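The values are calculated or read from the model by the stated rules, or taken from the named source; none is laboratory data. Fair warning: this is a prediction, and the values are worked out from it, not measured in the lab. Because the Cβ atoms are built from the backbone with ideal geometry, glycine has one as well, and the counts that use them run over all protein chains shown. Accessible surface is based on the protein model in full, side chains and every heavy atom, while ligands, DNA and RNA are left aside. Shrake-Rupley method; radii C 1.70, N 1.55, O 1.52, S 1.80 Å.
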Amino acid sequence: MDDKRRLILDQALALVDERGLAAMSMRAVAERVGLTSMALYPYVGGKDSLLDGLVDLLHLELGTSVGDDLAEIDWRKRLRALGRAVRSLARAHPGAFPLLLNRAAAGSSSYWLTAALRGILHDAGVSDREVPRLARMICAFLLGYTTGEITGGLPAGAPPGPAEDRGEDERGLDPAATEAEFDADLEDLAALVEQAAGPHDGLSRCEIPR
């Protein structure tokens, strides 16, 4: 990624982290990097292209956090590591993260998550015919679940009362409880993969975790 483009995208992401996605505009980003709005266009295009650039940047950060030295690790551990990295990314960038779910980026880095999942499924023994469909299902679950967490879209299971009295974060989530629940869902995903790699043809008996 070009250094100037990367600087602009980094500042755009920082702006969204601080003030939310609604606050991001070409002018606001330009002010952060000391340029005029028009001067941004050669590097990031218009606002739609800038949003696609943020998706690319989030995928790059996800790939960096997972690392590229997992080839020798058991596919179950890789799946858990990937799931936890997606969740950590959501909590680090709650304003921008939903873009991964509702925008398709043009950059090649946007395919990183799908490619990582396909590699895991291939190593688990899932047939080539089933890999694309199962990768889409797992990707949709990971992005949907974590987006629901940070936006409040998941049902709250804690009793009424001040969040700080219950040890919850600012979104009303109990970190310990949700961590355990998410790890359990990752185990369910591993079981789904094992079933898909087993003697059954297809996923007719599999259900995505809820």
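Brief remarks follow.
- Ranking of W112, W75 by solvent-accessible surface, largest first: W112, W75 (1.4 Å probe, protein heavy atoms only, all chains present).
- Formal net charge of residues neighbouring D10 (Cβ-Cβ distance under 14 Å; K, R +1; D, E -1): -2
- Heavy atoms of L57: accessible area, 1.4 Å probe, square angstrom to 10: 10
- Rh by Kirkwood over Cα pairs, then Stokes-Einstein D for segment 1-51 at 1.306 mPa s and 10 °C, µm²/s: 150
- Heavy-atom surface analysis with a 1.4 Å probe gives segment 23-73 a carbon and sulfur content of 52 percent of its accessible area.
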